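A.B. asks: Sending over a structure as structure tokens; questions will come in a sec.
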Amino acid sequence: MKAIRVHEFGGPEVLKLEEVPNPSAAPGQIVVDVKAAGVNPVDTYIRAGTYTFKPSLPYTPGMDAAGVVEAVGQGVTRVKAGDRVYAAGTLTGAYAQETVCAETQVHPLPAKISFAQGAGVNVPYATAYRALFQIGQARAGETVFVHGASGGVGVAAVQLARAAGMTVIGTAGTPKGRELVLREGAHHALDHRAANYLEQLRSVSGGRGADIIVEMLANVNLGKDLPLLAARGRVVVVGSRGPVEINARDIMGRDGSIRAMSLLVAPPEDLAGIHAAIYAGLENGTLRPVVGQEIPLAEAARAHKAVMEPGAHGKIVLVP
Ligand code: NAP
């Protein structure tokens, strides 16, 4: 089969399409015939060798995939050959024609969700769910500001928050991105490149600010987020690409808090709850992954460049 292999950390050009042996399923494992693989920003940090988690070389990138169960190992009971599934992490890498997963990493994919959409389920929706509900403790009736709502995690956060009865304000850097944010359920869409967008947030929230801010770029925004919090408001840091300075007084006076998360350290019982909630949302139509670009597996390097460019529009997925 074909798979993307990385033999040295570096730029997108280190992603090479190679012929590798087809995998088999050991006890407790599942081989998935990958129909689409999701591209996440973290895949680029790992490829560059700058992330806390460094795989041993060579490796196949990718945590998210959707496809059909090809084979199951001894003792597997949750799925059988032929089932449509999405993978929440893999053992051998998702950027491949086939991938091996542990039984707990595989979840059913409802028939109404395409494989390309299925490849955009795991990291985006699990992160958005954890940020909003498990870390941020979001409640119906609250106002959430999704700071960076046009990409994978942002669209998921908008859909989840809207379905949970929250007032949703999202940002995007392009008109097309803001159209998407409104279409996916935000009550207001602001331009995070406009000079006055934070004043606009105050105005559309009736001067109250946000109960929760889901922050995709904390190194740029965290200091400016804090004065936008309502009393007892929470910022949940999801993304950050460098250091940032804050004034702690901006949260003290409002009993505010800064929380943060990494999906990679979420405990198994929390992950089980997350995927149960995601399945329900996919099935009842409140969660609808948006695929902005489908790129052939062989052009994984192009996908890695695209995911780091401005002008997000849902997910980028690779098609083997
Ligand atoms: P993505 O699909 O590439 O989307 C990036 C988003 O950030 C877009 O909505 C983009 O908007 C927005 N953005 C760009 N400049 C911004 C600014 N100045 N202020 C606010 N937003 C801005 O990425 P993603 O998959 O949604 O991930 C978002 C971030 O979260 C990444 O940094 C990623 O590494 C991180 N992440 C963390 C976890 C975790 O476990 N903590 C999990 C998943 C993702 P425009 O393109 O419209 O400008």
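The values are calculated or read from the model by the stated rules, or taken from the named source; none is laboratory data. The structure presented is a predicted model; accordingly, all values stated were derived computationally and were not measured. Note that we place each Cβ from the backbone using ideal geometry, even for glycine, and neighbour counts take in every protein chain shown. We work out accessible area using only protein heavy atoms, side chains counted, and drop any ligands, DNA or RNA first. Shrake-Rupley method; radii C 1.70, N 1.55, O 1.52, S 1.80 Å.
A.B. asks: Report the residue count in the stretch 38-69 for those that are in a loop (DSSP other than H, G, I, E, B) and open to solvent by less than 10 Å² (accessible area, probe 1.4 Å). Working first, answer last.
C.D. replies: Pass one, the stretch 38-69, residues in a loop (DSSP other than H, G, I, E, B): 40, 49-58, 60-63.
This time we only want the ones that are open to solvent by less than 10 Å² (accessible area, probe 1.4 Å), so: 40, 61.
Total meeting the criteria: 2.
A.B. asks: Still on this structure, I have one more. Here's a check for you: in the stretch 223-232, which residue that is open to solvent by 10 Å² or more (accessible area, probe 1.4 Å) and within 13 Å of the ligand (Cβ to nearest atom) is farthest from Leu201 (Cα to Cα)?
C.D. replies: Result: Gly223.
A.B. asks: If the requirement is being away from the ligand (no atom under 11 Å from the Cβ) and over 20 Å from Asp43 (Cβ atoms), which of these qualifies: Val235, Val220?
C.D. replies: Details: Val220 fails: away from the ligand (no atom under 11 Å from the Cβ).
It is Val235.
A.B. asks: Starting from residues that are of a type outside the set (Ser, Thr, Tyr) and near the ligand (Cβ under 6 Å from one of its atoms), keep the ones in the stretch 150-164 and report whichever is farthest from Leu201 (Cα to Cα).
C.D. replies: Taking the stretch 150-164 as the starting set, the residues that turn out to be of a type outside the set (Ser, Thr, Tyr) are 151-164.
Now drop any that are not near the ligand (Cβ under 6 Å from one of its atoms), which leaves 151-154.
Values: Gly151: 20, Gly152: 22, Val153: 20, Gly154: 17 Å.
My answer is Gly152.
A.B. asks: What helices (runs of 4 or more DSSP H) lie completely within the stretch 103-179 and have 3 or more residues being aliphatic (A, V, I, L, M) and open to solvent by less than 40 Å² (accessible area, probe 1.4 Å)? Break it down into steps so the answer makes sense when it comes.
C.D. replies: Values: elements: 115-118, 122-129, 152-163.
Those helices (runs of 4 or more DSSP H) span 122-129, 152-163.
A.B. asks: Just to be sure, is Ile258 over 22 Å from Arg162 (Cβ atoms), out of contact with any Phe, Trp or Tyr (no Cβ under 6 Å at 6 or more places or on another chain) and among the β-branched types (Val, Ile, Thr)? First the steps, then the outcome.
C.D. replies: Values: over 22 Å from Arg162 (Cβ atoms): yes; out of contact with any Phe, Trp or Tyr (no Cβ under 6 Å at 6 or more places or on another chain): yes; among the β-branched types (Val, Ile, Thr): yes.
Criteria met by Ile258.
A.B. asks: Something else now. Have a look at Val214, Val181 and point out the one that is of a type in the set (A, V, I, L, M, F, W, C) and touching a Phe, Trp or Tyr at 6+ places or on another chain (Cβ under 8 Å). Spell out how you get there, then give the answer.
C.D. replies: Working: Val181 fails: touching a Phe, Trp or Tyr at 6+ places or on another chain (Cβ under 8 Å).
Answer to the check: Val214.
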